[in-house]
Structure formats: structure tokens, C-alpha cells
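These notes concern the structure reproduced below.
The values are calculated or read from the model by the stated rules, or taken from the named source; none is laboratory data. Because the structure is predicted, anything quoted here is derived from the model rather than measured. Here the Cβ positions follow ideal geometry from the backbone for every residue, glycine too, while neighbour counts run over all protein chains shown. The area values use the complete protein model at the heavy-atom level, side chains included, leaving out ligands, DNA and RNA. Shrake-Rupley method; radii C 1.70, N 1.55, O 1.52, S 1.80 Å.
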Amino acid sequence: MKEFEYVAPKTVEETLSLLSQYKEEAKIIAGGQSMLVVMRQGLLAPEYVIDIKNLSGLDYITYDEREGLKMGALTTHRAIEKSPIIQRRFRALSEMETTLATIQTRNWGTIGGNLCHGDPAGDPALVLIALNATLKLKSLSGERSVAMEKFSKDMLEVDLRPDEMLLEIHVPIPKPRTGTAHEKLMMMHGDAGIVGAAVSIILSSKDGMCEDARIAISNVAPTPWRAREAEKRLIGKAINDGLLAEAGRVASEEVEPTSDVHASVEYRKEMVKVFVKRAGRRAMERAKQG
Ligand SMILES: Cc1cc2nc3c(=O)[nH]c(=O)nc-3n(C[C@H](O)[C@H](O)[C@H](O)COP(=O)(O)OP(=O)(O)OC[C@H]3O[C@@H](n4cnc5c(N)ncnc54)[C@H](O)[C@@H]3O)c2cc1C
């Protein structure tokens, strides 16, 4: 690994000053779970590594009925998994975390680091897209908000300027009769998903038809994939198993996976059918419950 200078600011403002000063020469490190891997592989060789793990004020989970859920960028996966309010109000998010890596990685890795790493196999982005989340980014010149589904730009590339950092993830309150679920295909529990799917379904309170649907799929494109064509098959209809199977089939036609040691293109496409349907069925059961 190339030598670098290590800096450990104490505040967000100090971090932003360092990012503004060093720009492309610097890289943030939070839990280091992904960052150290890419540095060791030589994919990144920053001159300055800015350690934010001990910054105060970015490790929090808050919730209220008006504002929804807010998670600081330094919140660990384990904290999200174990949060009573997330288990109660955003069950798909805590369930997803139980399948992400091992407890050791979840104890140290942060939600911010996961999203900023921009891995198309990542799980949290899927659920956050299904939940219509937004991200708050900050630089010395101000703050901006980006929809989770627009944040990933390419393989390991996100919409983050060199002088910006991620501060917070915001999940709005779901409408009544919304159900969300996440499912992923793993060789062993906690493995990165060969394919993953998160589905959110909103049922109309008048007639029980599908009012809106959001489907996000991992590992089938350079970024998390929003399966808009598949969503269209559900919206305005009475959802049943046949329709969910149809949505899975359409999603598998939309995606453009590559093959690797874990799965061929054909197998991934088949699994998209299965996992969209499976997550859709659980989302539907939850939407019916309320
Ligand atoms: C063994 C193993 C198994 C894994 N399995 C899974 C899995 O099943 N599913 C899954 O989704 N993930 C998985 N991961 C990935 C893991 O979730 C991430 O490595 C972890 O969440 C990254 O968080 P971190 O705090 O360690 O980030 P770091 O590694 O420190 O940083 C990652 C990237 O984010 C940037 N960054 C971090 N925080 C910020 C911020 N606040 N603002 C701007 N940029 C920032 C860094 O510059 C870097 O580019 C696995 C990782 C390991 C090591």
C-alpha cells in the first residue's frame, strides 16, 4: 500500500476544511471495511486519509411522525439492525442488515461508508431506494440533497464531489398501507448478494389496488437498478402471485448483469425473477397489514 498522511479531524467543519484543501488528493475513511480493501488492491492511493470514525455528532438514529427517520452517516450497520424504532417502523431495513456480512463487519462498518463506496452489490442502497430515501451532502460551500436512487453513478462511483461528505440519510414516513421487503441470494448467510431485490408496494385505501410500487435490484448493472418497467406492471392493478411473477419476468428482461465466478448472466436473470417475486410477495403481505 502506498504511504499516506493520516489526519483525524474532530468536527465536521474541520473535515470539510481538509477536504476543501486537499480535494482529489484526500479520501475519507470511516470504518475502513471497504476503503482498506481498495487501497490494498491499489485501486485508490490517496495522499491524505481523513479518518472520520471518531467525529462527534454523526452517529445517531432519530425518528418522529412528521420528519421520518434520520440516520447519521457514521451509524453502524449493527446499530440500524438493533434499533427498536427501525425494527418497528422500517422492518425491511433492519432485516436487510441481519444479512449484511458478519456481526464484526456490521459492528464497525457504517451506513455512510457503505453508500459512498458505491458497490452495485450493496444491500442498503436497495432498501433505501425502495423507501424513497434522500442523502444530505455537505461541503464548505453548502448543503445539498440527493435522492438515493440518483446517488450511484457507475461501478464504485457516486455523486459526491471531492470536497463533499455525506452527513445524513433521511427516510420519509411511508404512506399508510405501504409494505416493503428485501430478499437476497447468498451462498452463505451474510455473503454479498449474488442478486438482491427490495420491493415497496403502496395499496390504495379505497379499493386495495396497487397505488405505487418501487423495485430495486442489486448486482445486475454497474449501479443499483430501479426496475421501472416491472413497477409499471404492478401499478393500478390488483396484485396477486401471477402479477408478481410477471413483474419478476419483466425485471429480468430490463437488467444487464455480467457473469462472474459466482453466477452466469443467465442464472442472475433467472434469480431476478425469483427474488423480485419473493420480495414482492412479502411486501404485499405487509402492505395489507397496514
Ligand atoms: C467481509 C465483508 C463482507 C461484506 N458483506 C456485505 C454485504 O453482504 N452487503 C453489503 O451491502 N456490504 C457488504 N460489505 C461492505 C460493508 O458494508 C462496507 O464495507 C461498510 O459498510 C463500509 O463502511 P465503512 O464505514 O467501513 O466505510 P469505509 O470503508 O471507511 O469507506 C468506504 C467508502 O466510503 C467513503 N466514505 C465513508 N464515509 C463517508 C462519508 N461520511 N462521506 C463521504 N464519503 C465517505 C470512503 O472515502 C470510501 O470511499 C462487506 C464488507 C466486508 C469487509
Review point. Would you say residue 153 is in a strand (DSSP E or B), at pLDDT 95 or above and more than 10 Å from the ligand (Cβ to nearest atom)?
Key: yes
Review point. What is the one condition in (1) more than 9 Å from the ligand (Cβ to nearest atom); (2) over 17 Å from residue 165 (Cβ atoms); (3) under 18 Å from the mean Cα position of the chain (by Cα) that residue 75 does not satisfy?
Key: (2)
Study note, to complete from the structure: Subset of segment 128-144, residues within 25 Å of residue 91 (Cβ to Cβ) and more than 10 Å from the ligand (Cβ to nearest atom), comes to 128, 129, 130, 131, 132, 133, 134, 136
Revision key, fill the gap. Within segment 31-71, the count of residues that are more than 9 Å from the ligand (Cβ to nearest atom), under 21 Å from residue 119 (Cα atoms) and within 20 Å of the chain's Cα centre (by Cα) comes to 1
Exercise for review: Quickly run through segment 245-270 and pick out the residues that are polar (S, T, N, Q) and under 15 Å from residue 215 (Cβ atoms).
Suggested key: 252
Practice item. Kindly indicate whether residue 82 is open to solvent by 10 Å² or more (accessible area, probe 1.4 Å), charged (D, E, K, R) and near the ligand (Cβ under 7 Å from one of its atoms). Key: no
Point to revise | Which listed residue, of 183, 229, 211, is touching a Phe, Trp or Tyr at 6+ places or on another chain (Cβ under 7 Å) and of a type in the set (D, E, K, R) | key: 183
Review point. How many residues does segment 23-42 contain that are open to solvent by 40 Å² or more (accessible area, probe 1.4 Å) and touching a residue at least 60 places away in the same chain (Cβ under 8 Å)?
Key: 5
Study note, to complete from the structure: How many residues of segment 213-238 are over 22 Å from the mean Cα position of the chain (by Cα) and open to solvent by less than 20 Å² (accessible area, probe 1.4 Å)? The answer is 1
Point to revise | Complete set of residues in segment 78-108 that are touching a residue at least 40 places away in the same chain (Cβ under 8 Å) and under 17 Å from residue 186 (Cβ atoms) | key: 92, 95, 96, 99, 100, 101, 102, 105
Revision key, fill the gap. Per the filter on segment 180-212, residues under 21 Å from residue 134 (Cα atoms) and surrounded by 24 or more Cβ atoms within 10 Å (Cβ to Cβ) are 180, 181, 182, 196, 197, 198, 199, 200, 201
Practice item. Scan (1) in a loop (DSSP other than H, G, I, E, B); (2) in contact with a Ser or Thr (Cβ under 6 Å, 6 or more places away or on another chain) for the single condition residue 122 breaks and write down its number. Key: (2)
Practice item. Evaluate the following for residue 10: is it among the charged types (D, E, K, R) and outside any strand (DSSP E or B)? Key: yes
